[in-house]
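Novice: Take this structure, written in structure tokens, and hold onto it; I'll ask about it next.
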Amino acid sequence: MAKCIACGQEFKPLSSRQKTCSLQCTHDVAKCGQRGGFTKNQSPPAEKICPICKQKFTPATNHPYQKYCSATCRERAPIERAKLKTWFAVEWEAWKRDFAAGKTQSNRSD
């Protein structure tokens with residue numbers, strides 16, 4: 001037997017992860033923020049820097065692991081990653097070509 005975290009009633013859980021006795025109690029817990037996420041008693045998430053636009057932002061309280069400052073930057077991220085992959089591929093090919101020709105980073109003239 002387990003005790004419901006919403007109403008305190010004893011119930012038989014269907015799995016070891018079940019914490020509430022009913023769907024209504026599950027909704028009540030989600031509404032009140034008792035699931036272990038960010039609550040009003042905790043400090044707000046720290047400021048982060050968007051990897052796309054380099055702007056400082058504070059993640060939304062319900063998304064503490066937010067990576068981008070806006071939907072625009074989130075949508076631009078795959079494009080920027082593709083550009084980086086292309087750039088690295090070009091640099092890698094140049095390095096392989098120079099290495100095969102006997103040039104190293106120290107004697108390479110760019």
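The values are calculated or read from the model by the stated rules, or taken from the named source; none is laboratory data. Being a predicted model, the structure only gives us computed values, none of them experimental. Here the Cβ is made from the backbone with ideal geometry for all residues, glycine too, and neighbour counts use every protein chain on show.
Novice: Can you pull out every residue in region 73-102 that is more than 19 Å from Cys53 (Cβ to Cβ) and aromatic (Phe, Trp, Tyr)?
Specialist: Within region 73-102, Phe88, Trp92, Trp95, Phe99 meet the criteria.
Novice: Could you count how many residues in region 43-82 are assigned to a loop (DSSP other than H, G, I, E, B), surrounded by fewer than 14 Cβ atoms within 10 Å (Cβ to Cβ) and β-branched (Val, Ile, Thr)?
Specialist: Total satisfying the criteria: 1.
Novice: Ok, one more. Residues in region 18-56 that are among the basic types (Lys, Arg) and modelled with pLDDT under 90: how many?
Specialist: The number of residues fulfilling the criteria is 4.
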